[in-house]
1. Looking at this model, which pairs from Lys22/Lys98; Lys183/Lys296; Lys453/Lys494; Lys70/Lys271 are more than 29 angstrom apart at the alpha-carbon?
2. Taking the Cβ-Cβ separation of Arg158 and Asp95 as r and a Förster radius of 35 Å, what is the calculated FRET efficiency to the nearest 0.05?
3. Separation of segment 224-266 and segment 315-361 by C-alpha centroid, Å?
4. Gain in length, Asp307 to Leu196, computed as 0.36 nm per residue apart minus the alpha-carbon separation, to one decimal in nm?
5. How far apart, in nanometres, would the label points at Asn55 and Glu281 be if each is projected 7 angstrom from Cα along the Cα-to-Cβ direction?
6. Determine the share of segment 1-144's accessible area contributed by carbon and sulfur atoms, expressed in whole percent, with a 1.4 angstrom probe.
7. Could you order Ile26, Ile482 so the one with the most accessible surface comes first? Probe is 1.4 Å.
8. Could you tell me which of rounded, prolate or oblate describes segment 364-487, using a ≥ b ≥ c as the square roots of the eigenvalues of the alpha-carbon gyration tensor, with rounded for a/c under 1.5 and, failing that, prolate when a/b is larger than b/c and oblate otherwise?
Amino acid sequence: WSEVNRCGQNGDFARALKSVNKILQINKDDVTALQCKVVCLIQNGNFKEALGVINTHTKVLTSDVIAFEKAYCEYRLNRIESALKTIQSASQQTDKLKELYGQVLYRLERYDDCLAAYRDLIRNSQDEYEEERKTNLSAVVAAQSTWEKVVPEDLGLREATYELCYNSACALIGQGKLNEAMKKLQKAEELCRQSLSEDSDVTEEDIEAELAIIHGQMAYIMQLQGRTEDALQLYNQIIKLKPTDVGLLAVIANNIITINKDQNVFDSKKKVKLTNAEGVEHKLSKKQLQAIEFNKALLAMYTNQADQCRKLSASLQSQSPEHLLPVLIQAAQLCREKQHAKAVGLLQDFAEQHPANAAEIKLTMAQLKIAQGIVTKACMILRSIEELQHKPGMVSALVTMYSHEEDIDSAIEVFTQAIQWYQQHQASQTRGANPKSPVHLSLIREAANFKLKHGRKKEAISDLEELWKQNPKDVHTLAQLISAYSLVDPEKAKVLSKHLPSSDTMSLKVDVDALENSHGATYVRKKAGKLTGDNQQKEQGQGEVKKKKKKKKGKLPKNYDPKVTPDPERWLPMRERSYYRGRKKGKKKDQIGKGTQGSTTTGSSELDASRTASSPPTSPRPGSGAAVSATSNVIPPRHQKPAGAPATKKKQQQKKKKGAKGGW
């Protein structure tokens, strides 16, 4: 026993375990020895073996004796429900059990009970672990804000540690206060560096590993703010550090996949492997795990793995039958396979089984019908969503779609139903007083404008009269009413026009000169100042001089003959004149430069030196064939001057001169 005591105080639990086993060999049912053995196994991380010892000696190790150790082993083995039962079955709730109870409730995501447990612990405990309890309390508040969207209460905790700052930042992210959360994370990073740098044994790599979770939250805020490039860079930096926290790696990999979407699919497929690491399910909350599974299904769809996508979405639907996303993913996969009718049927079945989510599903069904070009059917689906019928956005969408289909009666019916809904709803709320809300009045005005646009003037007049009745000072509505009556009942229009304000009261205080001279004015008025007598005389004098100025006579050609009528086609190019007959081309010139490169137009027999007579070379005569001899002084055909070229050149010059003479 002295050996066990000494080893326990020194923290050498492996040697202590050997001594305990010697004692148990003497007395296998020694309660103290069994307790010591369980503690030694726990300290060595052998939780399964420790739990086995407890379960095999249930008669000796009763729940009162070993409740905490048993619950702790179950907690560490991720048997959270069993740990909760063990704690609740204990006859006496010690401080140790209360601490463990708080951890168990947090893992079970029972945040309200967990918050109450930690408050009780902080209030009734005074020891060196107070800071840890406050950190756990702030973690519970952050989880409530993030996953349950509960506005966190101010706990009055002094954020002296980086853990408290980090948890506070998480709570702010849950509320959508991203800029404040970023400042908290920066403060947490600073505190973390300060606290870890004080320890000489801690390296820079250790500090970066500890900061990884803070940097991960910073990157998440950047992603939410739309700074995806910065977020992606920071995420990849964290992955390069290879942190040991599999939960952190899974979350970062999932976030990178959401940034990639349907792009960079190869990278996303590599990142998915990080989300499948062992133990991830015990590190993340249910909503985090669910989000990862949704993204896996979407990635399978984008990578054309139809069977995998269906398998994942079906699994998600079985876990959360009322959730929208699994059925939407299945419908999207069917649409990619061009099975639109089957997708609509799937959505219809879900809407009938889950009426609470029918509105969102019907909106998707309508979108599919529009994509197929079946607009009328889409309108019918939209009008079946009763809770959205009166919404301005829905009314606008339906009217636009019916107008596109040229179904004006249905569009007016949509306006009428929405206006009637507001009348009934407001009458019930105001007990018959029936004042018109801004949305109601806006719908009436839009209905009137629509009817006027499509020639339904009599129907529009009733809407405009109702609007004018609500606000007799509205000049715009009165002007519209008069305009409508002028086409139907001119006398009534004249009577109503008396209600228009006078032109004096309607005059706007506008500086016309300033308006015309403004930067965007299209017309700038000229400054018309009165001219003095001298200026007038000067201008008149200049005018007289201009009148006396004579036009210069045009130059005539040197060969101009006034007796000969000028050529009426002299302004046309020579080629376009009626008497142009084209140029006379030499026979040999036509044959030069035509054909493929290296080919000649003359016969091969004429260029074959072996077939010519062995007479001395003579100069070829103009216009004759270029007969050459087979001597060494012969110029190759490629380098010969074309026969008849000088004569052709002279002819061209003569033609040019003739053409010049015919210019007039």
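1. Lys22/Lys98; Lys183/Lys296; Lys70/Lys271
2. 0.90
3. After rounding, the separation between the Cα centres reads 29 Å.
4. 35.0 nm
5. Reported label-point gap for Asn55 and Glu281 is 1.8 nm.
6. Answer for segment 1-144: carbon and sulfur cover 45 percent of the accessible area.
7. The residues order as Ile26, Ile482, largest area first.
8. Details: a/c = 3.04, a/b = 1.42, b/c = 2.14.
Oblate is the answer for segment 364-487, as a/c is 1.5 or above yet b/c matches or exceeds a/b.
The values are calculated or read from the model by the stated rules, or taken from the named source; none is laboratory data. All values reported here derive from a predicted model rather than from experimental measurement. Every residue, glycine as well, gets a Cβ built from its backbone with ideal geometry; the counts of neighbours run over all protein chains shown. For the accessible areas, the whole protein counts, side chains as well, though only heavy atoms, and no ligand, DNA or RNA atoms are used. Shrake-Rupley method; radii C 1.70, N 1.55, O 1.52, S 1.80 Å.
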